[in-house]
Amino acid sequence: MAITPFTPGFLHRIPNYKAVYMRFTYYGHSCFSVSMKGKKLLFDPFISPNEQAAAIKVDELNADFILISHGHEDHIADAVSIAQRTGAKVIAAYEIHSWLNARGVSNTHPMNTGGKWNFEFGTVRCTVAQHSSTLPDGSNGGQPMGFLISSEDATFYYSGDTALTLDMQLIPGWGSPSVAILPIGDNFTMGYEDAAEAAMLVGCKKIIGVHYDTFGYIRIDHDKAIGHFRQKGLELLLPDIGSTIEV
Ligand code: NI
Ligand code: MN
């Protein structure tokens, strides 16, 4: 699988995408849900501290699974309360699983980068993310990660908080995501220029941007970001908080 990074025309080598739809709901920052095979997967719950997500009723959110990319507050703030209320199974790094167990969340599945596991909704493969992962109380959250999630119906990639990294070249060898959910806010993660390069490494033309505008360091110009992706033949979607889109 020799893939040259940053080569224009690279996407020609990616097989045609299946015309399937995935239901994506955005809850602000990097929190979103995806429905797969009748199961609701909630990612990186950070709602109650996010003023921009004030309209989202965190006490009414349901989930069958909660996936946590890393231990930072802006990805885990509401994980304990939602997991306890819903009984959703939490999928996260081993260290985060232990931390949740110590806080009364027992329905957890520990994983680590490089590993994959078949769940009822599909296969989760934990991918490398270049970031850090300290939990809110200073505990070690293990390795930060992203997820490649595949079922017969859909394949998508959520990178988690990460820099652009050449490890992303491995992803097309594991599956062809029809959608990539990538941070675009810069400063703490890749910015939108690097996210467009990441999309090309992953071999995905449809990108949903996350991890932007929530606080000062990560405010971006939406039109510039969308235009940058368009110039590269890519589509950047920035759904409103609270909205559901089919992709
Ligand atoms: Ni982070
Ligand atoms: Mn973050």
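Out of all the residues in the stretch 36-46, which are buried (at least 19 other Cβ atoms within 10 Å of the Cβ) and either under 18 Å from ARG103 (Cβ atoms) or modelled with pLDDT under 95 (or both)?
MET36, LEU42, ASP44, PRO45, PHE46
Hey, any hits in the stretch 184-196 for a residue that's of a type outside the set (A, V, I, L, M) and on the phi > 0 side of the Ramachandran plot?
Yes, the stretch 184-196 has at least one match.
Given the conditions (1) within 15 Å of ligand 1 (Cβ to nearest atom); (2) open to solvent by 10 Å² or more (accessible area, probe 1.4 Å), which single one is not true for ILE76?
Unmet condition: (2).
SER69 is checked against (1) within 16 Å of ligand 1 (Cβ to nearest atom); (2) closer than 16 Å to ARG103 by Cα; (3) of a type in the set (Gly, Ala, Ser) and fails just one. What number does that condition carry?
Looking at each condition in turn, SER69 falls short on (2).
Within 16 Å of ligand 2 (Cβ to nearest atom), more than 26 Å from VAL128 (Cα to Cα) and at pLDDT 95 or above: is that true of ASN62 in this structure?
Against the criterion (within 16 Å of ligand 2 (Cβ to nearest atom), more than 26 Å from VAL128 (Cα to Cα) and at pLDDT 95 or above), ASN62 does not qualify.
For SER133, state whether it is surrounded by 20 or more Cβ atoms within 10 Å (Cβ to Cβ) and of a type in the set (Ser, Thr, Tyr).
On the way: surrounded by 20 or more Cβ atoms within 10 Å (Cβ to Cβ): yes; of a type in the set (Ser, Thr, Tyr): yes.
Taking the combined requirement at face value, the residue satisfies it.
List the pairs whose first member sits in the stretch 145-170 and is under 19 Å from ASN118 (Cα atoms) and modelled with pLDDT under 95, whose second member is surrounded by 18 or more Cβ atoms within 10 Å (Cβ to Cβ) and not acidic (Asp, Glu), and whose Cβ atoms are under 6 Å apart, counting only residues at least 6 apart or on separate chains?
SER151/MET36; SER151/GLY122; ALA154/MET22
Can you give me the ranges of the strands (runs of 3 or more DSSP E) entirely in the stretch 135-247 with at least 2 residues that are within 16 Å of ligand 2 (Cβ to nearest atom)? So that I can check it myself, show each step before the final result.
Working: elements: 145-150, 155-158, 179-183, 206-210, 235-237, 244-246.
So the answer is 145-150, 179-183, 206-210.
Can you find a residue in the stretch 102-123 that is more than 14 Å from ligand 2 (Cβ to nearest atom) and within 14 Å of the chain's Cα centre (by Cα)?
Checked the stretch 102-123: no residue is more than 14 Å from ligand 2 (Cβ to nearest atom) and within 14 Å of the chain's Cα centre (by Cα).
The values are calculated or read from the model by the stated rules, or taken from the named source; none is laboratory data. These numbers come from a predicted model, not from an experiment. We place every Cβ from the backbone using ideal geometry, glycine too, and count neighbours over all the protein chains shown. Side chains included, ligands, DNA and RNA excluded: accessible areas come from the protein's heavy atoms. Shrake-Rupley method; radii C 1.70, N 1.55, O 1.52, S 1.80 Å.
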